[in-house]
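Notes follow once the structure below has been shown.
Values quoted throughout were computed directly from the atomic coordinates according to the rules given, and no laboratory measurement underlies them. None of the values given here were measured: they were computed from a predicted structure. Don't worry about glycine lacking a Cβ; one is built from the backbone with ideal geometry, like all the others, and counts go over all protein chains shown.
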Amino acid sequence: MAKVQVLNVAVLDNPSRFGNPFQFEITFECMEDLPEDLEWKIIYVGSAESEEYDQTLDSVLVGPVPAGRHMFVFQADAPNTGLIPESDAVGVTVALITCTYRGQEFIRIGYYVNNEYTDPELRENPPIKPDYGQLQRNILASNPRVTRFHINWEGCAEKMEDSENVDPAPNSMLPPSCLPGKAPPIGLLPDNSMDCL
Amino acid sequence: MKLLKPSWVSHNGKPIFSVDIHPDGTKFATGGQGEDSGKVVIWNMAPVLREEDEKNMNIPKMLCQMDNHLACVNCVRWSNTGLYLASGGDDKLVMVWKRAAFIGPSTVFGSSSKLANVEQWRCVTILRNHTGDVMDVAWSPHDVWLASCSVDNTIVIWNARKFPEIVASLKGHTGLVKGLTWDPVGKYIASQADDHSLKVWRTMDWQQETNITKPFNECGGTTHVLRLSWSPDGQYLVSAHAMNNSGPTAQIIERDGWKTNMDFVGHRKAVTVVKFNPKIFKKKQRNGSSPKPSCPYCCCAVGSKDRSLSVWLTSLKRPLVVIHDLFDKSIMDISWTLNGLGILVCSMDGTVAYLNFSQDELGDPLNEDEKNAIHQNIYGKSLAITTEAQLSTTIIENPEMLKYQQERQRVEQANHRMTHEAQAHKLTSVVNGESLEDIRKNLLKKQVETRTADGRRRITPLCIAQLDTGILLPLSSVSGATAQASSLNTTATKSNLLLTTSTKMEPMKALDSRFTERSKVMPGVTISMVSMEPPVYLEVENEVSAVSGAKLSQLRCSREGREWDTLLPSRVLTAAGSSDVVAVACADRMLSVFSACGRRLLPAILLPAPMSALHCSGFYVMALTACATLSVWDVQKQSAVVKNESLQTILSGTECTVSQSLLTQQGVPVIGLSNGKSYCFNSSLETWNLIADKQDSLVQCADFKNCISSQDAPVSQGPLALTQGHNLNAGRLASRLSSTPHHLQHGMTLVFLENQLASALTLRSSTEYHYWLLIYARFLVTEGSDYRLRELCKDLLGPVHKSASSAWEPTTLGLRKRDLLRELLPVIGQNLRFQRLFTEYQDQLELLGNK
């Protein structure tokens, strides 16, 4: 069973200017003391068209994590505008928070992000070259999309002594959508993801 | 009799293997198969009992569902107190659940409201020992023990007051053990297995009392479960599947001589489950008839593979009622309500049936006094068994001792009360005098962020509630929930605005895949800012300006809003700072040290080699050079603490590298190696001391959980905890090694605790020393290590009379030893065995105090 449950993610400083850092206040609960750190990442999807433009805004280790309920604020700098295709700067994209344990991702929290000009004039006639100084970032905080993955919490080193707790076929637990770049058709989400919109 | 099949009680059509009604009758649990895991569901009883409640949409039907079991759940059982729920499944695990009372109704983060759990039940212990599917679990009377049986042919008795301690492992069955029942008097436990036997074990020595095979000789191993049951008066034990003249029966076994003369006959296929009504009945007194004394009797429900249910009274020769075709598949489990009038039955077909009897049908239930009187009559004692009988009769000689014993009881009662209050959701939203709102406001500023050796950010999360206790840090999840709700409200309104203003906010399928796919490894980004202890920020800019060919570097420091900067003549390699000093190492092998306000404290120090790692702590500066030498200076005293000490000693003979280095507040340098070992340099002995070893199996086997008082916050900030950070899981293996002999584990724990104590002492970390000392003392007290405890006390007390020759120091790490001893006394006072020791040291301390 998953040793770490994310209880809540509060989006701080939202909406805010495009250049402001992202701030997520994450509350999670841990069943038992974790020997390793958790690794959290914020990924900004630069373009819906290709993963090539995904930017990892920052990654941070969180630990030590004893059993209990914990919270922290994950702050990361705004995306590097130079890496975002100009055509995708304005409009809807996605920011992802992922958490991995022993190199295995077990939760992925996604938010729609809307970037638009606050000035009605600019909104009507957006400049060809995006004016990031005028852009407002709005994270659709009320509607997180959470996907959970089964992972081997005991790690590889302990496989021998912990054989009774290891899934009989860990590979079969991987979501079928693991192949990169293929969007699962709506309604055909992987069985083990508790995904909902 | 009324019969109801609540269609809403289902595991989406998957089989339901077990059902159990909560002792207070307000809810019940089912266990069985989930989607791709085992499933335990807690249901509200009210909609089953009353039709209007079933129709009322405001009354929840499902209270909580847990899919933590990795495979099918075979058994769910409430403890007699109703505080815990135990579940056992095909994943070989037994999980013990407890209601997290301080969490109000809340939704699962990121899920739709449909999945909301009205009650929060959290797994508090996972019991791992079985090597095969767990088939049945049973709580002993008074919840002293929890028994589980498995297809690994064993029965494990767990100490229910000290999970995951194993009291005994009962071996003797040669087939899959499929059912368990405790003798209500607490003297025996009975088990039935596929090896054509039913065994009765004594709880006194956990040896076999009797082995009954005759009625089972003809049985095949065709049933999924063999849930047997013991009558509430303790006189009869009724087995599941038995055979008599090639007909399936439920065998009645008399307690007196384990005779097998009677059985329940009539089912056409094997009996899977027998369940006695918890009440003892007597005949209903009819008006007019003379009250003639009638013999009390018991009531028993029998479920079978033939899909039918029969209910028997021991006073009748024929069944009271037989219900055929209640289900499409075999009956798997039966549970009576505590009042003895209702019964829930579950089946492999995934449905549940509820039967309700009237008192006219069953008789008048005896009240508890009458039931106890029967027990008293038969067994010479009532059901109130005592577990620590010997200890409780010990005479307490010392009034102080009495005080501590009483205090302990009071604390226990208080804890009990607090639990109740917690359940009543009366908790205030305050943690350590700080409201959750305050914490949240300052979280970003307050949280501790450090850099790992490879330059990555590492955040120590703020612990807002501990598990298991559930009462200590009530971190008002209630308020958490409301806070969450309010923040959600505001965001909801904003998002509405967003939706109205946005024209492009259509679901973008191209983006959807991003939500569900795991990310690939991506290169981390580099950050130019060096941050340390929260309020200090150092910023370095190399080659800011070139003055007549020489390139200058700039160091900027900001602390609580105040800033200063200074220029350096060479490229800066690394910088570090503490609340008192800032140190900068440059490419020209120069180390400069500045005060907190930017004054240069020393002329530049020329290092023998380029800097590899630099740390500051208080007035101490630690330098690790590229040629593997270590130096520590005390800037305030202008003296060397460690002088160019080579790391050769700890690195020689290994392939490893330095993975971590740190400097404690007391100026003790610590070096962590890639092989998991950490050393500190002891400047007074001039030795390298091993303080942490990740490979050390002792650490993982040490089991001292019970000695951690809920009052002490876990020390996660001290240098020992930092170096052992990854080892915090001491005792992680303990539960799995429970089969190792107790004395071995005891030894391991002792070694581990003594190591911790010595390491904390060497690191001069007084808080950690204090923390481990208390745990060590508690361990010695609970384990009864007389000599060690005595020596410890002796050392803390020191010589009573001052003498010039004694080398005894009255303080250690700034803690007064006698104060420590004073703190230990209440701990010692908790074990009556040590009352002489307690008295001895208490008297001496008092004597010294008076001087």
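Think of region A:4-148 as a dipole: +1 on every Lys or Arg Cβ, -1 on every Asp or Glu Cβ, centred on the Cα centre; then among A:V90, A:I107, A:P130, A:I107 lies furthest on the positive end. Descending by average beta-carbon neighbour count within 10 Å, the peptides B:645-657, B:34-46 line up as B:34-46, B:645-657, the highest first.
For region B:579-638, rounded, prolate or oblate, judged on the Cα gyration tensor with a ≥ b ≥ c (square roots of eigenvalues), a/c < 1.5 rounded, else prolate if a/b > b/c?
prolate
Here the peptides A:18-24, B:636-642 are ranked by packing, the mean other Cβ count within 10 Å, and the order with the highest first is A:18-24, B:636-642.
Show me the ranking of peptides B:678-685, B:204-211 by mean Cβ neighbours inside 10 Å, starting with the highest.
B:678-685, B:204-211
Taking every residue in B:452-465 and counting other chain Cβ atoms within 10 Å of its Cβ, the average works out to 6. Among B:Y787, A:Y132, B:Y354, the order by Cβ neighbours within 10 angstrom, fewest to most, reads B:Y787, A:Y132, B:Y354.
If you take each beta carbon of peptide B:127-133 and count the beta carbons of other chains within 10 angstrom, what is the mean?
1
In the distance distribution for region A:4-148, Cα-Cα pairs more than 24 Å apart total 34 percent. Shielding of peptide B:259-269 by partners, expressed as the average count of other chain Cβ atoms within 10 Å per residue Cβ, is 0.
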